[in-house]
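Trainee: Dropping the structure in here first, questions after.
Any read-out appearing in this document is the output of simple, stated calculations on the displayed coordinates, not a laboratory observation. These numbers were taken from a predicted model, which means no experiment stands behind them. Please note: Cβ atoms are built from the backbone with ideal geometry, for glycine as well, and neighbour counts cover all protein chains shown.
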Amino acid sequence: MLMPVVPTSLGRLIARLPSAPPSLAFSLAANRLLWPALQTLDWQPLAGRRYAIRVKDLGLSLRFAVGQRGFAPDSGAPDLTISATARDFLLLLARREDPDTLFFSRRLVSEGDTELGLIVKNLLDALDPDAVLQRLPAPLARAAQRLMAA
Amino acid sequence: MPLDLICPAGSLVSLKTAIDHGADAVYMGFRDNTNARAFPGLNFDEAQAAEGLRYAHERGRRVLLALNTYPQSDTWQRWTGAVDRAAKLGIDAVILADPGLMRYAVRQYPQLRLHLSVQGSATSYEAVNFYREHFGIQRAVLPRVLSLPQVENVVKHTDVEIELFGFGGLCVMVEGRCLLSSYCTGESPNSAGVCSPPKAVQWMDTPTGLESRLNGVLLDRYGKNEKAGYPTLCKGRFEVGGETYYAIEEPTSLNTLDLLPEMLKIGIAAIKIEGRQRSPAYVAQVTKVWRAAIDAVKENAAGFKPTPAWQAELNKLSEGQSHTLGAYHRPWK
């Protein structure tokens, strides 16, 4: 069983922060940690599309676009908004849960451009997990392997 | 071997996942509307299909290709081109619905194994045998409208292998002939390859509930704790005669684990798992359960009973409020 990812007190603190710094921090972290794996995908057809990830239990809204050079924070109206808890996002990342399963049980909400949502989902599903693990920084790869095997 | 496990592969990762978890065969589609799961970004290009075939064949498993939409005359070459590619790649069988395409396949590639898709909607042994006589089909996937005694009657009167759906989302089951979504979108699944084209689907969280719309038509409004379903017209709730309810059908999932001993007894060749649109996590979970169940029933059919753990795992994955044995089980008959 997975524990909550962030203690509640920290969650309450994060929720009080404005959204721009977390979006910037997220993009910087994602570029450093995830982009080496994600850049193998074809993002060209999705250039200029804006995303928002809402981490419900943390009150976080992360807004960004993904271009040829990676993640960039963005403050415009998102084309696609995905909402779930931190734990469920982690389960999705670790491929422990199927997005449709979470969607049926209302743990995941997708709003905006449905087609864009499916394209992104199918793009990420096509990532070979072994290749991803090889491209992640070592400590993150170890954490991901633990999560996938939990 | 009876009761081969046929699992869905929407991507190369899903294909490998299904094989690693014990699928005897996987089924997939090319990246266009030649198959009935034509979602953007899903399915296989030629290089991925070749890699999938290599992976499966090295492990003694098979790869089937769904070419089960109906070609239109102005794009006929897209479908014949897909048959050509399948033959060239060495696909183990193509799953077809259109008789014209079957004729093309059997004339051009007499060695290519043909399966009749559920989209072909053959429900009697006369229909199945017709496809056998004219096109040499070796297996038929039966529509999910027959009871098991009716299925048994088909099996007894044909030497075509019979494949049944075992698990996954159900629809109104007017397979190959359903035009419901074209009422809203102008596109029918039979030629466009998808019931609700994603570009026409809209989800919106509103104060009164989560709303799904297809080209602006309200399909459903889910209350706070209600399970959601796929945004298809057949599963919507509509106001009819002053009452709002599932006027066509309630979203449910088929789960036939309980019927495995009977399916084994009547000689079902293969069990198909629905869900090429789902992610690798689903493929892993569902393949694991069905592999264990099929192994168990083959070892001891008389003592076979699905475990609560299997049922819980499958329930979690399913669309809608409930599981059903579908038309297979009609105790009142």
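Trainee: Given Cα pairs under 8 Å that are at least 6 residues apart, what percent is the relative contact order of segment B:180-245?
Mentor: 23 percent
Trainee: For B:W76, B:W290, A:W35, what's the fewest-to-most ordering of other Cβ within 10 Å of each Cβ?
Mentor: Placing the least packed residue first, the sequence is B:W76, A:W35, B:W290.
Trainee: Ok, one more. Percent relative contact order of chain B, based on C-alpha pairs within less than 8 angstrom and at least six residues apart?
Mentor: Relative CO of chain B lands at 20 percent.
Trainee: Can you list the residues, at least 5 places off or on another chain, whose amide H is less than 5 Å from the amide H of B:L146, using H built in the peptide plane?
Mentor: Under 5 Å from the amide H of B:L146 lies no amide H from a residue far enough along the sequence or on another chain.
Trainee: Roughly how many whole Å is it from the C-alpha centroid of segment B:147-165 to that of segment A:73-150?
Mentor: Cα centroid to Cα centroid, the span is 41 Å.
Trainee: Just to check I understand the Karplus step: with θ = phi - 60° and J = 6.51 cos²θ - 1.76 cosθ + 1.60, what whole-Hz values come out for segment B:199-206, glycine and proline as x?
Mentor: Result, ordered by residue: 5, 9, 9, 9, 10, 8, 7, 10 Hz.
Trainee: Can you tell me what the convex hull of the Cα atoms of segment B:217-333 projects to on average, as an area in nm²?
Mentor: With every direction weighted equally, the projected area is 10.0 nm².
Trainee: For the pairs B:K88/B:K298; B:K224/B:K288; B:K235/B:K288; B:K16/B:K199; B:K272/B:K305, flag any whose C-alpha to C-alpha distance is greater than 26 Å.
Mentor: B:K88/B:K298; B:K224/B:K288; B:K235/B:K288; B:K16/B:K199
Trainee: Further, regarding this structure: Among DSSP beta bridges whose residues both lie in the protein assembly as shown, state the antiparallel percentage, nearest 5.
Mentor: Antiparallel bridges make up about 45 percent of those DSSP assigns within the protein assembly as shown.
Trainee: Turning to a different aspect of this structure: Taking the beta-carbon count within 10 Å as an exposure proxy, list A:Y51, B:Y125, B:Y245, B:Y27 from fewest neighbours to most.
Mentor: B:Y245, B:Y125, A:Y51, B:Y27
Trainee: To the nearest 20 debye, what is the magnitude of the charge dipole of chain B about its Cα centre, counting +1 on the Cβ of each Lys and Arg and -1 on the Cβ of each Asp and Glu?
Mentor: 340 debye
Trainee: May I ask you to evaluate 6.51 cos²θ - 1.76 cosθ + 1.60, the Karplus curve with θ = phi - 60°, for each residue of segment A:58-73 and list the ³J(HN,Hα) values in order in whole Hz, giving x for glycine and proline?
Mentor: Calculated HN-Hα couplings, in order: 9, x, 9, 10, 9, 10, 7, 10, 10, x, 4, 9, x, 7, 9, x Hz.
Trainee: Kindly list the residues of segment B:283-313 that lie in the label zone of B:H329, defined by a backbone N under 17 Å from the point 7 Å along the Cα-to-C-beta vector.
Mentor: B:290, B:293-294, B:297, B:302-313
Trainee: From the phi of every residue in segment B:106-118, what ³J(HN,Hα) in whole Hz does the Karplus formula 6.51 cos²θ - 1.76 cosθ + 1.60 yield, where θ is phi - 60° and glycine or proline is x?
Mentor: These are the phi-based 3J(HN,Hα) values: 6, 6, 7, 9, x, 7, 6, 6, 10, 10, 8, 5, 4 Hz.
Trainee: How high is the FRET efficiency between A:A141 and B:V240 when r is their beta carbon distance and R₀ equals 41 Å, given to the nearest 0.05?
Mentor: That pair, A:A141 with B:V240, gives E of 0.15.
Trainee: Which FRET efficiency value, to the nearest 0.05, do you get for A:D128 and A:A20 by plugging their Cβ-Cβ distance into 1/(1 + (r/R0)^6) with R0 = 25 Å?
Mentor: 0.15
Trainee: With 10 angstrom as the radius, rank B:T252, B:T324, B:T69 by how many other C-beta atoms surround their C-beta, starting from the fewest.
Mentor: Ranking B:T252, B:T324, B:T69 by Cβ neighbours within 10 Å, fewest first, gives B:T324, B:T252, B:T69.
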